[in-house]
1. Taking the Cβ of Asn101 as the center, what net charge do the other residues with Cβ under 12 Å away carry, scoring Lys and Arg +1 and Asp and Glu -1?
2. What distance in nm separates the simple spin-label points at Arg109 and Tyr16, each placed 7 Å from Cα in the Cβ direction?
3. May I ask you to order 23-35, 5-17 by the average number of other C-beta atoms within 10 Å around their residues, highest value first?
4. Which net charge results for the neighbourhood of Ala119, defined as the other residues with beta-carbon distances under 13 angstrom from its beta-carbon, given Lys and Arg at +1 and Asp and Glu at -1?
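Any read-out appearing in this document is the output of simple, stated calculations on the displayed coordinates, not a laboratory observation. For clarity, every value in this text was computed on a predicted model and none was experimentally measured. Every residue, glycine among them, receives a Cβ derived from its backbone with ideal geometry; neighbour counts consider all protein chains shown.
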Amino acid sequence: MAEIAARADTKIGSLYRFFPNKEVLGEALLQRYSELLDAACGEIDARALTASTDELADLLVNFMAKIRDQTIALIALLDAQLEWSGKRHEFRNQVLNRIANTLLLKAPRLERTTAEDMAVVLFYNMKTMVRMTLDKSAPTSRGGPGELRLMNRLYLASKLAGVV
């Protein structure tokens, strides 16, 4: 809790006033991330039907990068706490399910299992984009994010050909 207070540039007493322990704080972060996830996915879903395949690919690959600054604390918490592995699994499933549902909005004839498999690939591409744009020590080039966007566009176009 002391490290959290220091990183938040607040007094530990203030932190304890609202969050009596790390578990309560973690649950609050978890709830906040869930709300961010729903809002971001809702925006993508609203555009899924009218967006071109390239636009949808860009929306998806940029999804996590767009909200990364707001989720850094939760991601660090989930990575640091072994007892949170179940929570991490729940979040991963929530994200994968939302991506699969977005794909099915765009291509209703797509098989659910195919959409779920595609969601895994897109999810890892999203995580790669976050790493490229957030982690300054990650090996990348100025053109790396553009290449990842292109790869995502080509992947989505090939997988959705004939079902959109």
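1. 0
2. Result for the modelled spin labels: 6.3 nm.
3. Per-residue mean Cβ counts within 10 Å order the peptides as 23-35, 5-17.
4. That works out to +3.
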